[in-house]
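Notes follow once the structure below has been shown.
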Amino acid sequence: MAIATSGCGEPGSTLERTRSGFLSLLPFYVANFLTLARIGIVPPLLYAIHDGHFVLGLLLFVAAAASDGLDGFIARRFASQSRLGATLDPLADKLLVNGLYGFLAVQGALPFWLFIAVMSRDLAILSGGLFVNLKDDRRKVRPLVVGKLSTFLQFALAMAALMAQAGWITALPAQILVPAVAAMTAVSAVVYLGVVLTPVAGSVRS
C-alpha cells in the first residue's frame, strides 16, 4: 500500500528556514545592540565626569569608542546596513560627543566655544538631514569622509582631555587638537550641508 509522503520533511525544512533567517539577521541585531549600548553608556559616563571620576569616565569612553568601531565593522562585513542603523549610529556619536564636550567644558578641560561650535555643527547637519527627508525621501545621505575625519578628531580630543584630567598625560595633546577639531568641525559642516542641500535646493527652484 502506498504511503503519502508529501508532507514529510516540512517541519524540518521550516525549522531550517527559521534558523537560516535568524542567522542572516544576527549581524543586524548585534550591530544595532552595540549602537544602543553606546547610547546607554552616555549617562553613566557624564555622571562619572560630573563627580570627578575621570579614570572611570575614560574607561567608559573607551568602551563607547570601541563599540562605535565594532558595530560599523559588523555592518560592513556582513552587509547588514539598515536605515535604522544609519540613523542610530550618528545619533549615538552626536549624543556621546556633545554630552562629553559639554561636561568637559564645564570642568574647564575644553574651551566652551568649542562645545558650542561642535553642537551647532551637529544641529545644522541634523536639520539638513531632516530637510532632505521632507523634500525627497528617496535620497540616501551617506557619511562623508570629511565627516568621519571630524568625528575621529573629536574622539581623539575627548580621549586626550580625559587622560589629562585623570593625570595620565599633560594637557598639551588636547591643546594641540583643539584648533584641529575646530577647523574640521567648520569644514565638515560646510561640505556636508553643501553636498546635501544643493541638489534639494535645485529641485525646489525647478
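Any read-out appearing in this document is the output of simple, stated calculations on the displayed coordinates, not a laboratory observation. Only a predicted model underlies this, so the values are computations on that prediction, with no experimental measurement involved. Using ideal geometry, Cβ is built from the backbone for each residue, glycine included, and neighbour counts are taken over all protein chains shown.
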### Query
In sequence order, what are the phi-derived ³J(HN,Hα) couplings for the stretch 88-95 according to the Karplus relation 6.51 cos²θ - 1.76 cosθ + 1.60 with θ = phi - 60°, rounded to whole Hz, with x for glycine and proline?
5, 4, x, 5, 5, 4, 5, 5
### Task
Describe numerically, in nm with one decimal, the distance between label points set 7 Å from Cα along Cα→Cβ at His53 and at Ala124.
3.7 nm
### Task
Would you kindly derive the ³J(HN,Hα) couplings of the stretch 174-187 from the backbone phi angles with the Karplus curve 6.51 cos²θ - 1.76 cosθ + 1.60 (θ = phi - 60°), listing them in order in whole Hz, with x for Gly and Pro?
5, 5, 5, 6, 4, x, 5, 5, 4, 5, 5, 4, 5, 5
### Message
Along the Cα→Cβ direction, 7 angstrom out, place labels at Phe112 and Leu149. What is the inter-label distance in nm?
### Response
3.2 nm
